[in-house]
1. At A25 and A186, where each label point lies 7 Å from the Cα along Cα→Cβ, what is the point-to-point distance in nanometres?
2. Which value in nm describes the separation of the simple spin-label points at Q175 and A87, placed 7 Å from the Cα toward the beta carbon?
3. Could you work out how much longer the chain between E128 and R153 gets when fully extended? Use 0.36 nm per residue separation minus the Cα distance between them, nm to one decimal.
4. Cβ neighbours within 10 Å, averaged per peptide: list 149-155, 98-104, 26-32, 162-168 in order, most packed at the top.
5. How much length would be gained if the chain were fully extended between T3 and R195, taking 0.36 nm per residue of separation minus their Cα-Cα distance, in nm to one decimal?
6. Considering the dipole of the stretch 145-205 built from charges on the beta carbon (Lys and Arg +1, Asp and Glu -1) around the Cα centre, which of A188, V148, N166 is farthest to its positive end?
7. Report, please, the projected area of the stretch 133-205 averaged over directions, based on the convex hull of its C-alpha atoms, in nm².
8. Residues with amide H under 5 Å of S39's amide H, sequence separation 5 or more or different chain, H placed in the peptide plane at 1.01 Å from N; which?
Amino acid sequence: MTTTISRLYNNYTDAQRAVSDLEAAGVPHADISIVANNSDSWFSKDKKIDRDHDGVDDRAEGAGTGAGVGAGLGGAAGLLAGLGLLAIPGLGPVVAAGWLAATAVGAAAGAATGGVIGALTQAGVSKEDAEVYAEGVRRGGTLVSAKVADSDRTRLDGILNRSAVNLQTRRAAWQKSGWKNYDPAAKAYSADEVRKERSLYGTEV
């Protein structure tokens, strides 16, 4: 039996590390998905991505060697080499790869309740948590989801928990400021709004 485990991260860098660690732990990149906010245009098909500062585009590096941006962490980072730009209703511009992104676009096309909400709930995530994950991406965060064997869940939960957002605490903070639930029709956050949101939690991409 398999289960879906998901975590929200304040920024892409933390999520990238989590993906690399999952792959290093033996999770096939086909079973992992990442959806990152791109309102501030950090990712572009025409812009070099050099997160490890070695002068080589990380995507080409990953495609050429199977190592990618997580090489220094021991991960294969195959998923990260396939990142692409997407527009998911309610989230605005995102950088994504993997099964969740594909399902989210399909769910949106089929008029499911918010593309990413439909994709997450189909995968077994509670609607309550799915709404927080989606809102987190809308506000500048990055979502990582993986399909894993039930027997591996505890071990892999531990990997994903490193640097992950505490979902209950974040939900409570948003509710305190008036947030009720995820609205797929809401306007996506602007680059300035994303920066302000990230600054509340002391993190930047």
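1. 2.9
2. Going by the 7 Å Cα→Cβ label model, 3.4 nm.
3. Numbers: separation 25, 0.36 × 25 = 9.00 nm, distance 2.06 nm.
Length gained, E128 through R153: 6.9 nm.
4. On the way: 149-155: 12.0, 98-104: 22.3, 26-32: 17.9, 162-168: 14.7.
So the peptides 149-155, 98-104, 26-32, 162-168, ranked by packing, come out 98-104, 26-32, 162-168, 149-155.
5. Full-extension gain reported as 65.8 nm.
6. The residue sitting most towards the positive pole is N166.
7. On the way: hull surface 23.6 nm².
Seen from a random direction, the Cα hull of the stretch 133-205 projects 5.9 nm² on average.
8. For S39, whose amide H was placed from the backbone, there are no distant partners under 5 Å.
Read-outs throughout are calculated quantities, based only on the coordinates presented, and are distinct from any laboratory measurement. Here the structure is a predicted model, which means the values were calculated and not measured. Note that we place each Cβ from the backbone using ideal geometry, even for glycine, and neighbour counts take in every protein chain shown.
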